[in-house]
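Enquirer: Okay, here's the structure, questions in a sec.
The values are calculated or read from the model by the stated rules, or taken from the named source; none is laboratory data. Keep in mind that what you see is a predicted model, and the values were worked out from it rather than measured. Cβ: placed from backbone, ideal geometry, glycine included. Neighbour counts: every protein chain shown. The area values use the complete protein model at the heavy-atom level, side chains included, leaving out ligands, DNA and RNA. Shrake-Rupley method; radii C 1.70, N 1.55, O 1.52, S 1.80 Å.
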Amino acid sequence: MNLKVVKFGGSSLADAKQITKAAEIIKSDERRRFVVPSAPGKRFSADIKVTDMLYNCNNLAMENKNIENAFSAIAERYNGIINDLGIELSLDSEFETIKKNITAKAGSEYAASRGEYLNGIIIAKLLDYEFIDAAEVIVFNEDGSFNNEKTQPKLRARLKGVERAVIPGFYGADVNGVVRTFSRGGSDVTGSIIASAVKADVYENWTDVSGFLVADPRIVEKPKAISVITYKELRELAYMGASVLHEDAIFPVRAAGIPINIRNTNIPEDAGTMIVSEVPDDEHSKYTITGIAGKKGFAAINIEKAMMNSELGFCRKVLTVLENNGISIEHMPSGIDTLSLIFPYSQIEGREDEVIAQIRKAVAPDQIELESGIAMLAVVGRGMRRTRGTAARIFASMAHARINVKMIDQGSSELNVIIGIGEADFDEAIRKIYDMFINSVE
């Protein structure tokens, strides 16, 4: 029998109504044998996520304040879910233990993890699946980093002979038994780790969107959905800010060759987006590009010096100055006598004159300037390898909108084209590129 690991996000499990939807999805396919739940998310826009309520309890405890009222609101939230689901379950002993530990300053990671832990117990009861505490099977190092080498054999041993189980996302424990967590959104990572351990055929990640979209719907009206995307394309788009999935969730399943299917809990009939290792050469999308994403907040140091190309160590000296100042370079386009260094402006803000002075001293440039207010856009797509003139079409779309392109960079893989523009042109640039590569094909 094919095997699926399914992860449900906080919005998919925010209340009894959403949890019931998730349970129906799980029960509709007997291959969905391992379930990874998040903590309850927001039920409405002004609501508070359970994880944030737990962080608040921890903050109160760290300030030696009483957490009784703050924790009662959390217990009330879970008891409301239990009552609305109509299941026979009491979490009173769990509540007392958690409240006692938070008051004893068990730490923010312990506190935050209890949202997934409690939701996991409820969902396991509802489904009649075995509950497995993630602290038993997800191993962290003492420094808080995840230890996959110890986790995989421990998971496989624990799950051997287990037909169906609920394993909470987001947390585990270090070798001393101290609860540790992944960064926000870490339930995605837990699901990926479990999918790898059980050699799942598919890792289904259920959320509140029907997969990835070609562009941000806040900028482009009703953008097309991406039906299939490769891990490499996803990595490029995620790095530029397109976020539906936690970045670290890619690696465990990618190494095992397991596809990820992003699905919508509220519209389960939608096929969503399938994330795969490779797409066969004969399976071509009708679009040249897969997606467009971008970020604002960049700056550039532009350097000019005659005969720069013949001066040994010029780039190294400049990069050493930036390294010593904690500045990481995103892109470094250059000419014979010019060099531009693009990086997040936040890394130099307030120290601009100091860093520029250090570069002047190191390489004595003819001219140097700092330019802020730069946005970076990534146009990503495996189809660009076999399509001529992609960069020219990007330039044409920018020219028609009278947008000045400050930089263009294409990797050797021909998987993406990065362009630098002014922040004021950010939204319009995305719309024009979308028109050029998507709307013009329709």
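Enquirer: Only one residue in 305, 286, 317 is in contact with a Pro (Cβ under 6 Å, 6 or more places away or on another chain) and open to solvent by 30 Å² or more (accessible area, probe 1.4 Å), so which one is that? Steps first, please.
Expert: Details: 286 fails: in contact with a Pro (Cβ under 6 Å, 6 or more places away or on another chain); 317 fails: in contact with a Pro (Cβ under 6 Å, 6 or more places away or on another chain).
Checking each option against the conditions leaves just 305.
Enquirer: Conditions first: (1) of a type outside the set (Ser, Thr, Tyr); (2) farther than 30 Å from residue 374 by Cα; (3) at pLDDT 90 or above; (4) open to solvent by less than 50 Å² (accessible area, probe 1.4 Å). Residue 214 passes all but one, so which condition is the exception?
Expert: (2)
Enquirer: May I pose another question? Quick one: would you say residue 48 is open to solvent by 10 Å² or more (accessible area, probe 1.4 Å) and of a type outside the set (D, E, K, R)?
Expert: On the way: open to solvent by 10 Å² or more (accessible area, probe 1.4 Å): yes; of a type outside the set (D, E, K, R): yes.
So residue 48 fits the description; yes.
Enquirer: Also: In the stretch 331-371, which residues are assigned to a loop (DSSP other than H, G, I, E, B), open to solvent by less than 60 Å² (accessible area, probe 1.4 Å), touching a Leu at 6+ places or on another chain (Cβ under 9 Å) and at pLDDT below 95?
Expert: Passing the criteria: only 333.
Enquirer: So residue 392 fits all but one of (1) under 26 Å from residue 217 (Cα atoms); (2) touching a strand residue (DSSP E or B) at 6+ places or on another chain (Cβ under 7 Å); (3) small (Gly, Ala, Ser); (4) modelled with pLDDT under 95; what number is the exception?
Expert: Evaluating residue 392 over (1) under 26 Å from residue 217 (Cα atoms); (2) touching a strand residue (DSSP E or B) at 6+ places or on another chain (Cβ under 7 Å); (3) small (Gly, Ala, Ser); (4) modelled with pLDDT under 95 leaves (2) as the failure.
Enquirer: Looking only at residues in the stretch 312-340 that are over 35 Å from the mean Cα position of the chain (by Cα) and touching a residue at least 24 places away in the same chain (Cβ under 8 Å), which one is farthest from residue 351 (Cα to Cα)?
Expert: Among those residues, the one meeting the criterion is 336.
Enquirer: Does residue 235 meet the test of being open to solvent by 60 Å² or more (accessible area, probe 1.4 Å) and under 22 Å from residue 382 (Cβ atoms)?
Expert: Criteria met by residue 235.
Enquirer: Another question, then. What number of residues within the stretch 43-87 satisfy the criterion of being within 19 Å of residue 110 (Cβ to Cβ), touching a helix residue (DSSP H, G or I) at 6+ places or on another chain (Cβ under 9 Å) and part of a loop (DSSP other than H, G, I, E, B)?
Expert: The number of residues fulfilling the criteria is 4.
Enquirer: Considering each residue of the stretch 372-396, count those that are assigned to a loop (DSSP other than H, G, I, E, B), buried (at least 17 other Cβ atoms within 10 Å of the Cβ) and basic (Lys, Arg), and give that number.
Expert: Going through the stretch 372-396 one residue at a time, the tally reaches 0.
Enquirer: Given the structure, is residue 248 among the acidic types (Asp, Glu) and touching a helix residue (DSSP H, G or I) at 6+ places or on another chain (Cβ under 6 Å)?
Expert: The answer is yes for residue 248.
Enquirer: Can you tell me how many residues within the stretch 24-45 are open to solvent by 20 Å² or more (accessible area, probe 1.4 Å) and aromatic (Phe, Trp, Tyr)?
Expert: The number of residues fulfilling the criteria is 1.
Enquirer: Okay, next question. Aliphatic (A, V, I, L, M) and farther than 19 Å from residue 232 by Cα: is that true of residue 318 in this structure?
Expert: On the way: aliphatic (A, V, I, L, M): yes; farther than 19 Å from residue 232 by Cα: yes.
So residue 318 fits the description; yes.
Rundown of residues vs (1) open to solvent by 10 Å² or more (accessible area, probe 1.4 Å); (2) in a helix (DSSP H, G or I), yes/no style:
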position: 105; (1), (2): yes, no
position: 109; (1), (2): yes, yes
position: 112; (1), (2): no, yes
position: 120; (1), (2): no, yes
position: 125; (1), (2): yes, yes
position: 144; (1), (2): yes, no
position: 162; (1), (2): yes, no
position: 169; (1), (2): no, no
position: 176; (1), (2): yes, no
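Enquirer: Being open to solvent by less than 40 Å² (accessible area, probe 1.4 Å) and touching a Pro at 6+ places or on another chain (Cβ under 8 Å) narrows it down to one of 81, 74, 19, so name that one.
Expert: 81
Enquirer: For residue 40, only one of the following conditions fails: (1) in a loop (DSSP other than H, G, I, E, B); (2) under 17 Å from residue 162 (Cα atoms); (3) not aliphatic (A, V, I, L, M). What is its number?
Expert: It fails just one condition, (2).
Enquirer: I'd like to check something: does the stretch 122-133 contain any residue that is under 24 Å from the mean Cα position of the chain (by Cα), over 13 Å from residue 54 (Cβ atoms) and aliphatic (A, V, I, L, M)?
Expert: Taking every residue of the stretch 122-133 in turn, none turns out to be under 24 Å from the mean Cα position of the chain (by Cα), over 13 Å from residue 54 (Cβ atoms) and aliphatic (A, V, I, L, M).
Enquirer: Just to be sure I understand the filter: pairs with C-beta atoms under 8 Å, separated by 6 or more residues or on different chains, first member in the stretch 148-168 and closer than 17 Å to residue 33 by Cα, second member part of a helix (DSSP H, G or I) and of a type in the set (D, E, K, R). Which pairs pass?
Expert: What qualifies is 158/136; 168/116.
Enquirer: Would you check if residue 195 is surrounded by 15 or more Cβ atoms within 10 Å (Cβ to Cβ), assigned to a helix (DSSP H, G or I) and small (Gly, Ala, Ser)?
Expert: Judged against the criteria, residue 195 is a match.
Enquirer: A further question on this structure: Is it true that residue 180 is open to solvent by 10 Å² or more (accessible area, probe 1.4 Å), free of Cβ contacts under 8 Å to residues at least 60 places away in the same chain and more than 19 Å from residue 13 (Cβ to Cβ)?
Expert: no
Enquirer: May I pose another question? Scan 399, 424, 429 and give me the residue that is outside any strand (DSSP E or B), loosely packed, with under 15 Cβ neighbours inside 10 Å and modelled with pLDDT of 95 or more.
Expert: Only one candidate qualifies: 424.
Enquirer: Hey, among 218, 235, which residue is basic (Lys, Arg), more than 25 Å from residue 31 (Cα to Cα) and in a loop (DSSP other than H, G, I, E, B)?
Expert: None of the others qualify; the one that does is 218.
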